[in-house]
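Here the structure comes first, spelled out in structure tokens, and everything after it is commentary.
The values are calculated or read from the model by the stated rules, or taken from the named source; none is laboratory data. Since the model is a prediction, treat every value here as computed from it, not as a measurement. A quick note on method: Cβ atoms are made from the backbone with ideal geometry, for glycine too, and the neighbour counts reach across all protein chains shown. All accessible areas refer to the heavy atoms of the entire protein, side chains included, with ligands and DNA or RNA removed. Shrake-Rupley method; radii C 1.70, N 1.55, O 1.52, S 1.80 Å.
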Amino acid sequence: MNYDTSKALFAKAAQVIPGGVNSPVRAFRSVGGDPLFIERGEGAYLIDVDGNRYLDCIGSWGPLLMGHAHPRILAAITAQLSKGTTYGAPTALEVQLAEAICAAVPSIEMVRLVSSGTEATMSAIRVARGYTGRNKIVKFEGNYHGHADFLLAKAGSGVATLGLPECAGVPAQVTADTITLSFNDIEALQALFDAHGEEIACVILEPIVGNMGCVPPIPGFLQTLREQTTKAGAVLIFDEVMTGFRVAYGGAQERYGIVPDMTTLGKIVGGGLPLGAYGGRREIMETVAPLGAVYQAGTLSGNPIATSAGLAMLSLLQEGGTALYERLEQVGTEIAESFRESARNANVPVIVNQVGSMLTVFFTEATAVTNYADAKTSDTARFAKWFRNLLAQGVYYPPSQYEAAFLSAIWTTDDIHLLKQAADTAFQALA
């Protein structure tokens, strides 16, 4: 494939944008080579500025469950554009999307719309602290909740991809009240709450981690979290920015039957446009201004273009219903098993974690990947070779060992076959 135009654009970008990209994991630093510059998306495929075509396994890092440029979503955006882009005043669209979210997500009785997942998690924690009158928060190693200062302790996503021990510019005192635990460690969780439960304002986690690769909860972990936070009077926050509307219409909390006190959303809920949300029990959300003393605001919060796209997306998912999610489950399982078989045939040690339409291939000799320490045993050099081989075959896979791949509901049998065959060839190249 010819990448000359992408290379030229990256050289220009490097002069005016830090690292040549506006989000670090896009830079291909951990896989080698220069990043691709994309011209357009068509259904399940991306086309770069050099005209190369790729099956998209990223989906803009999760939002595009229904593929690129879906006509229903484009029609909703276009209809709103003719009426204006933003007003700084309430609209009926905000009410409709809030009602749809409350109807879909078990934990949400009231919701506030914001403009990003980072803003949603940052705000939810502020609300939890205001509601409880406590300062300490608990997060898990390898979970990424956006780039708010106090959440960058032992974070996943780009922090893990770039191998950064911690984030420069974050004073130690800012994370002094942030406690980190190993994901899926039930004993450590119980010990922490036995010792400090009354000091903890909230626990925030990705119920299915996507930011150290796809890592599901072990049996009993989420149940223990719910029991311990309830007993201590701490707020349990599910960060469902990735999993909301993806692993089930009601998210991971519907899938596992655990109702948190608060939930953060993003990605799919905005239909591919910048939109996030945080919500939860009515008594907690009533502490948010102008009802309560916890202040949070945003000029573009509830933007009518983003809410239009979000409503169109949720309408498509509702129409797809159980059949849509059953097919995503079947396709994800089929692809994961195909990857495992190809790796075995090539004698390449891997662990493939998959939940619904999220999956990760960890190039490790570990017997399982259930936490950040397990994920960090991965051979990132071997992953990089596998990634580049996929790219050469027309498959755009996440350029990081520590990011999940996201499958699309519109993939055809041919699309699935392309991915399975490309992965098989890539594994054989490593043999």
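Let me know the shape class of region 1-53, please: from the alpha-carbon gyration tensor, a ≥ b ≥ c as square roots of the eigenvalues, rounded when a/c is under 1.5, otherwise prolate if a/b is greater than b/c, or oblate.
prolate
Please identify, among 301, 116, 82, the residue showing maximal mean-square fluctuation in a Gaussian network model of the chain using a 10 angstrom Cα cutoff.
Comparing 301, 116, 82 in the GNM, the peak value goes to 82.
What full-extension length gain, to one decimal in nm, is calculated for residue 188 and residue 326 as 0.36 nm per residue of separation minus the Cα-Cα distance?
The residue 188-residue 326 span can extend by a further 46.2 nm.
Between 378, 23, 338, find the one with the highest GNM mean-square fluctuation for the chain; connect C-alpha pairs within less than 10 Å.
Largest GNM mean-square fluctuation: 23.
Under a point-charge model restricted to the Cβ atoms of Lys and Arg (+1) and Asp and Glu (-1), what is the dipole moment magnitude of region 334-377 relative to its Cα centre, in debye to the nearest 20?
Roughly 100 debye, rounded to the nearest 20.
Restricting to DSSP H runs of at least four residues, report the calculated mean residue ellipticity at 222 nm for the chain, -39500 (n - 2.57) per run over all residues, nearest 500 deg cm²/dmol.
Rounded to the nearest 500, the figure is -12000 deg cm²/dmol.
On the protein heavy atoms, probe 1.4 angstrom, tell me the percent of accessible surface of region 1-141 carried by carbon and sulfur.
Carbon with sulfur: 54 percent of the solvent-accessible area.
Using 0.36 nm per residue, how much length does the chain from residue 69 to residue 282 gain when fully extended, once their Cα-Cα distance is taken away?
Working it through step by step, the gained length comes to 73.1 nm.
For the chain, with the dipole built from +1 on Lys and Arg beta-carbon atoms and -1 on Asp and Glu ones, taken about the Cα centre, which of 431, 179, 392 lies farthest toward the positive end?
Among 431, 179, 392, the one farthest towards the positive end of the dipole of the chain is 392.
Quick one: length gained pulling residue 85 to residue 196 fully straight, 0.36 nm per residue minus the C-alpha distance?
My answer for the length gained is 35.2 nm.
Shape of region 259-325 from its Cα gyration tensor (a ≥ b ≥ c, root eigenvalues): rounded if a/c is under 1.5, otherwise prolate when a/b > b/c, or oblate?
The shape class here is oblate.
Hey, rough spin-label estimate for residue 367 and residue 47, points 7 angstrom out along Cα→Cβ, what's it come to in nanometres?
5.0 nm
When only DSSP loop residues count, what trypsin sites (Lys or Arg not before Pro) in region 51-102 have their Cβ near at most 14 other Cβ atoms within 10 Å?
Answer by residue number: 83.
Which value, in debye to the nearest 20, describes the size of the charge dipole of the chain about its Cα centre when Lys and Arg Cβ atoms bear +1, Asp and Glu Cβ atoms bear -1, and nothing else is charged?
Charge dipole of the chain: 620 debye, to the nearest 20.
Calculate, axis by axis, the spread of Cα positions in the chain along the three principal axes, and write the results as whole Å, longest axis first.
For the chain, the Cα extents along the three principal axes come out at 57, 55, 48 Å.
GNM, the chain, Cα, under 10 Å: largest mean-square fluctuation among 84, 117, 67?
Per the Cα network of the chain with a 10 Å cutoff, 84 tops the list.
Hey, what's the chain come to in accessible area per residue, 1.4 Å probe, Å²?
40 Å²
Would you mind checking the pairs 136/385; 267/385; 376/420; 12/83; 7/139; 136/267 and listing those with alpha carbons more than 32 angstrom apart?
Result: 136/385; 12/83; 7/139 exceed 32 Å.
Classify region 24-136 from the C-alpha gyration tensor, please: rounded if a/c falls under 1.5, else prolate or oblate depending on whether a/b exceeds b/c.
Judged from the Cα gyration tensor, region 24-136 comes out oblate (a/c at least 1.5, b/c at or above a/b).
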